[in-house]
Amino acid sequence: MQTFNLSDYLLQYLDKSSESPRNRQLYRLLRQAILDHVLPADTRLPSSRDLASELAISRNTVLYAYEQLLAEGYVEARAGSGTFVADTVPDAVHVPATTMRRAASDTGIAQLLLSQRGHRLVAQAGAASQQWGAFVPGVPDVTQFPHKIWNTIQSKIWRKPPIAALTYGHGGGYQPLREVIAEYLKVSRSVACEAGQVVITSGIHQSIDLCLRLLSDPDDLAWVEDPCYWGARNLLSASGVTIRPIKVDAEGICPDAADLAAVPRFIFVTPSHQYPLGMVMSLARRRSLLEYARQHNCWIIEDDYDSEFRYGGRPIASLQGMDSSERVLYMGTFSKTMFPGLRLGYLVLPQALSKPFVTGMEELHRSGQAPLQATMAEFMLQGHFNSHVRRMRLLYGARLDLLQQAIASQFDAAEVHAVGSDAGLHLALHLPAQCDDRAVAKEAQERGIAVRPLSNYYRDVSNAKSGLVLGYACVEESNIAPAFATLADVIRQHI
Ligand SMILES: Cc1ncc(COP(=O)(O)O)c(C=O)c1O
């Protein structure tokens, strides 16, 4: 068992770049450690001089924190022997039980503060801090968004918003937006739905979370494609369901006999554009998946995150549209077609689930954002959404061509080649097996290029392939070849 190391803990959580004064941060961290019994009564705190030097901060900062703790009764000064945690700690009765869950001598403060679910989520966090530039995956070119049109529509709505738009809203979302989305999905994605089956969410993350909260119990089994989107995997594992990674082949998810025998409650798939490898699920695979789900009462979660952008071949219809047994929960997002900061998406439910999900939204999240949703509805009704998507498809198609040319000019296809580039905003670049893709990504980042290592997306490490996920939508044309040349330089050093 590791013992708690006060200076390691403080070094980990003191944020020197934060706007919050360091002495307040130090006071709060020490106070929390005392309340959590990580620092039990009678523990001697280090001298202010020692602590200041271990943390490389000024002694006055430490003195302030100690004095504040002293004034509030968390610590007491014992003449000649130092500062000790007091016996009777104020507020101790208010400490939530979960924070006291583990013994003080356990590994560290984060584990003490967080639930097991919270700890899992934080430990495997996947969101990157960089969300713009070469070659950030999954981010559209937000500079192209027609914000003037949006602003005109929005201002009109705000000129005299009805009371209903300003108070708590309906759990399904703003009705005209549900209607226009249902129409759009019928036409463009062959989704079989009525407006009443559509629930507006803040995006696919919230849609998945809602499905898990309303349909899962701890230890339910979920199949996920391997590799799979980190966000989905983290939401699933944080919710307490057990994940079973399922291999994918050129036709999509490919369960073997042992997988089929382990009947899941959820099957999480990206049939139109497998994330991150990019293949389309074949018709035969779709049929057998739907049949399996029907026979075993599984829920298929269809994440249709970027299929509006398809550059070659025919558009791929949704899996939901082929489902006659109401086993598919279909979800889409405006993060790629509009901009991610909008935080708007939609969930299409089987009829029987529509009402409980509307109630679930109202109970869990309270509903609102009607002015925003009204703007979105008008934007779609006036045709701006379709024309923006059309325009961006051309732009991204051109950027994809440039990236493919850059790849071909730098590497022999037998050594390094791209897959999954018929659709979406990213492609996967396969690297030779011996190449450490995490080291490549790290070094590329140091040279200003953001890429994600493909192996990170695999759950089963024995199955993991070396590669990089490259986004091309938020990189200007003129920067694609030079940025890729820098990346190629880094890759070559690792082959
Ligand atoms: C496969 C996949 N699903 C979902 C999302 C996120 O969707 P949202 O922004 O609507 O939460 C992403 C984002 O990149 C994604 O790649």
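The values are calculated or read from the model by the stated rules, or taken from the named source; none is laboratory data. As the structure is a prediction and not an experimental result, all values here were calculated from the model. Cβ atoms come from the backbone with ideal geometry, glycine included; neighbour counts cover every protein chain shown. Note: accessible area is taken over every heavy atom of the protein model, side chains too, but ligands, DNA and RNA are not part of it. Shrake-Rupley method; radii C 1.70, N 1.55, O 1.52, S 1.80 Å.
Annotations for the structure displayed:
- Number of residues in segment 203-223 that are under 11 Å from Met361 (Cβ atoms), of a type in the set (A, V, I, L, M) and away from the ligand (no atom under 13 Å from the Cβ) equals 1.
- Search result, residues across segment 458-481 that are in a helix (DSSP H, G or I) and either closer than 18 Å to His417 by Cα or assigned by TED's automatic domain parsing to the domain that holds Asp226 (or both): Ile480, Ala481
- Exactly one residue out of Ala284, Ala293 is small (Gly, Ala, Ser), without any contact (Cβ under 8 Å) to a residue 60 or more places away in the chain and either part of a loop (DSSP other than H, G, I, E, B) or open to solvent by 20 Å² or more (accessible area, probe 1.4 Å) (or both): that is Ala284.
- Only residues that are touching a Phe, Trp or Tyr at 6+ places or on another chain (Cβ under 9 Å) and β-branched (Val, Ile, Thr) were counted across segment 444-462, and they come to 2.
- Enumerated strands (runs of 3 or more DSSP E) restricted to segment 345-440, each holding at least 3 residues that are buried (at least 18 other Cβ atoms within 10 Å of the Cβ): 345-348, 426-430
- Taking each residue of segment 210-229 that is closer than 30 Å to Ala250 by Cβ and looking for partners that are among the hydroxyl-bearing types (Ser, Thr, Tyr) and part of a helix (DSSP H, G or I) with beta-carbon atoms closer than 7 Å, six or more apart or interchain, yields Pro227/Tyr457; Cys228/Tyr457.
- Which numbered condition Glu362 fails, given (1) in contact (Cβ under 8 Å) with a residue 60 or more places away in the chain; (2) of a type in the set (Asp, Glu); (3) under 19 Å from Tyr275 (Cβ atoms): (3)
- Top-ranked residue in segment 125-166 [being away from the ligand (no atom under 16 Å from the Cβ), in contact (Cβ under 8 Å) with a residue 24 or more places away in the chain and not in a helix (DSSP H, G or I); ranked as surrounded by the most Cβ atoms within 10 Å (Cβ to Cβ)]: Ala134
- In segment 182-234, the residues that are over 27 Å from Arg244 (Cα atoms), surrounded by fewer than 17 Cβ atoms within 10 Å (Cβ to Cβ) and among the charged types (D, E, K, R): Glu183, Lys186, Glu194
- Here is the figure for segment 185-201: residues that are in contact with a helix residue (DSSP H, G or I) (Cβ under 8 Å, 6 or more places away or on another chain) and within 16 Å of the ligand (Cβ to nearest atom) total 5.
- Checking segment 311-322 against the condition returns no match, with no residue being farther than 21 Å from Val419 by Cβ, within 13 Å of the ligand (Cβ to nearest atom) and touching a residue at least 40 places away in the same chain (Cβ under 8 Å).
- For the residues Glu308, Glu291, the requirement of being acidic (Asp, Glu) and either within 22 Å of Arg233 (Cβ to Cβ) or within 16 Å of the ligand (Cβ to nearest atom) (or both) singles out Glu308.
- Subset of segment 319-332 that is touching a Phe, Trp or Tyr at 6+ places or on another chain (Cβ under 7 Å) and open to solvent by 10 Å² or more (accessible area, probe 1.4 Å) - its residue that is nearest to Pro146 (Cα to Cα): Gln320
- Only a single item in (1) touching a strand residue (DSSP E or B) at 6+ places or on another chain (Cβ under 6 Å); (2) part of a loop (DSSP other than H, G, I, E, B); (3) open to solvent by less than 10 Å² (accessible area, probe 1.4 Å) is not met by Pro255, and it is number (3).
- Residues satisfying the stated conditions in segment 296-305, i.e. among the β-branched types (Val, Ile, Thr) and either more than 16 Å from the ligand (Cβ to nearest atom) or without any contact (Cβ under 8 Å) to a residue 40 or more places away in the chain (or both): Ile300
- Of all positions in segment 365-377, none carries a residue that is within 16 Å of the ligand (Cβ to nearest atom), at pLDDT 95 or above and in the same structural domain as Ala485 (by TED's automatic domain parsing).
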